[in-house]
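Working notes for the structure below.
Only the coordinates and a few stated rules stand behind these numbers; no lab work does. As the structure is a prediction and not an experimental result, all values here were calculated from the model. Glycine also receives a Cβ, built like all others from the backbone with ideal geometry; neighbour counts cover every protein chain displayed.
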């Protein structure tokens, strides 16, 4: 199993997992259903009471101002724009959210028309895979609760997302590439994408308890095979490398708690390094790697994965755009969605220091949205 970390606690937010399950191509940066945070905006009635109101109608479904503001707030939070968003960005955010709601509804209509279903076993597997990302069931349920989900609502979300993933897989069909494409990509990016510093190939494992890590270390010290030890400790190990997929760790990343690994002898298990009570690591250095550029053969499989993913994303984006055009969207409060006038040169200078512009926010959110993000 390939590991994507040397040092980190294995806890992933459940809502993020749902998003990833929903669509690998990242059209939507938030979960379905509008369960985000944020205060609902309301207007003041003639009697002074606060009143919600209709801002749009999408395929016959009325969208209230409170829901729109809630989902905009969720979008801002999950895109990490809290510190950079200004009032002039909000029309773009609202257009993006309306586009997303409309596209999602069209997506679900397509699922129904094609009679795509999610089997119980498929949903069970996704939930089991999710739970396995957490060191203990207790931490899993704590994160579930912190995410504002129940087991029932999580299961419902996963079921819907499995169906959406099936639809997107269906519309992309079989995507392939050839060696000429792979080599062309390699030549274009090898100097910066596939260069590597001096470092070590290592076997690495993270254990739930220090006792399990110590037991594995002693067995390795006695001469037992790494893969055999990991298999025997499968109930206690969170993740680990294997003899086929070892980790390359740059030497300059071995700092702090892991600095002692620089002096570790080859093929000798390290002492247990405890980052937390439920994250305990042992390492075996296998070889020193000189700085250089990875060969085509070393990275061709990764390049193929990248190119196939790009092609799938392009096909899915085209499909989502086509679905969006089928949605009937009526805007009832035009002022909320009206894009600001182009900046003057002086205004542009002032805003040039902003980290993220509204146009960048729209394009980053979904390649399936239309040009300037207006909901028409």
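Data for the structure
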| read-out | value |
| --- | --- |
| Estimated distance in nm for a label pair at residue 268 and residue 195, the labels positioned 7 Å out from Cα along Cα-to-Cβ | 3.4 nm |
| Cβ crowding within 10 Å averaged over residues, with 157-167, 130-140 ranked highest first | 157-167, 130-140 |
| Convex hull (Cα only) mean projected area of segment 195-293, reported in nm² to one decimal | 6.1 nm² |
| Spatial separation of Cα centroids for segment 79-108 and segment 246-292, in angstrom | 43 Å |
| Paramagnetic label zone (point 7 Å from Cα along Cα-to-C-beta, residue 155; backbone N under 14 Å) in segment 95-131 | 119-128 |
| Distance (nanometres) between label positions extended 7 Å along Cα→Cβ at residue 125 and residue 289 | 3.1 nm |
| Debye log10 I(q)/I(0) at q = 0.17, 0.24 Å⁻¹ for segment 127-194, Cα point scatterers | -0.76, -1.01 |
